[in-house]
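Quick notes on the structure that follows.
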Amino acid sequence: GNIGYNILSIGLIKDRVDAIYNDRLVSINYLLQSDRDGYQARIAFSEALTYSDYGSRDDEKLEEQFGLVKENMDQLNARFMDFKKIFISTGGNATEHFAQFEENYDEVMIFSAQLQELLTANKLREANALYFGQFTEKFETMRTAVDKLSEISLNEAEIEYAQSMKKADEITLLAFVFFGVILMIMVLAGIALTRSIVNQLGCEPAEAADI
């Protein structure tokens, strides 16, 4: 029974370790990559503002930065959705942080299109006002949602790890107890066997050998 319990418990620990990797680490990796994509999109927009300056306007590089902004924003959303799919499918709650991200992402994309139009039209003052105002506000709110979800996922991974370690400690303790009991039984059985032989011989084995 003890061996069967240990085998079952080891199986449960393996499942939990697999879950920590597949459900937590992989999904958190998606989340971290989406955050990196957002950061790179911000850099691309900053450079676009630089290339739009009246004294050093570079339309070719400006168009290149617009492409990088779109690419990174698309990747940000795709990777966030990959994270969400894993998080929800493994029993995670659809927290308000998902809604916070999605609502602000949509607004950031609207402001991104407006910024591109303003920069293309060489309206640098209006573009700067939008970028450092509404765009940055919504962008940071969106990234805050990512940070909160990262924290939630890490906390859940720590809980699952702690549960796995506790179960491993239980198995180790039970194994020691089990083998201790087996050893005790073997010792007692040896003593009982010796006494049985002595009783049958009517004397100690050494004395019987001398007779």
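Kindly indicate whether any position in the range 118-126 is farther than 15 Å from Ala41 by Cα, of a type in the set (Gly, Ala, Ser), within 27 Å of the chain's Cα centre (by Cα) and modelled with pLDDT under 90. No - not one qualifying residue is present in the range 118-126. The listed residues are Asn104, Asn6, Asn72, and the only one of them that is over 16 Å from the mean Cα position of the chain (by Cα), modelled with pLDDT under 70 and surrounded by 16 or more Cβ atoms within 10 Å (Cβ to Cβ) turns out to be Asn6. Being modelled with pLDDT under 85, assigned to a helix (DSSP H, G or I), open to solvent by 70 Å² or more (accessible area, probe 1.4 Å) and more than 15 Å from Asn122 (Cβ to Cβ) is a property that Arg16 has. The set of residues in the range 23-45 being within 14 Å of Thr144 (Cα to Cα) and among the hydrophobic types (A, V, I, L, M, F, W, C) consists of Leu31, Leu32. Residue under question is Ala99, and the condition is that it be aliphatic (A, V, I, L, M) and surrounded by fewer than 16 Cβ atoms within 10 Å (Cβ to Cβ); does it hold? So Ala99 fits the description; yes.
Cβ-Cβ distances below 7 Å connect the following pairs, each with a first residue in the range 131-149 that is under 18 Å from Asn72 (Cβ atoms), a second residue that is assigned to a helix (DSSP H, G or I) and of a type in the set (Lys, Arg), and a separation of six or more residues or different chains: Phe139/Arg42. Scanning the range 107-125 for residues that are β-branched (Val, Ile, Thr) and open to solvent by less than 60 Å² (accessible area, probe 1.4 Å) gives a single hit, Val108. Only a single criterion out of (1) at pLDDT 85 or above; (2) part of a loop (DSSP other than H, G, I, E, B) is not satisfied by Gln65, namely (2).
Consider the range 78-101 and keep the residues that are small (Gly, Ala, Ser) and in a helix (DSSP H, G or I). The one that is modelled with the highest pLDDT is Ala78.
The values are calculated or read from the model by the stated rules, or taken from the named source; none is laboratory data. The structure presented is a predicted model; accordingly, all values stated were derived computationally and were not measured. Methodologically, a virtual Cβ is constructed for each residue, glycine included, from the backbone with ideal geometry; neighbour enumeration extends over all protein chains shown. We work out accessible area using only protein heavy atoms, side chains counted, and drop any ligands, DNA or RNA first. Shrake-Rupley method; radii C 1.70, N 1.55, O 1.52, S 1.80 Å.
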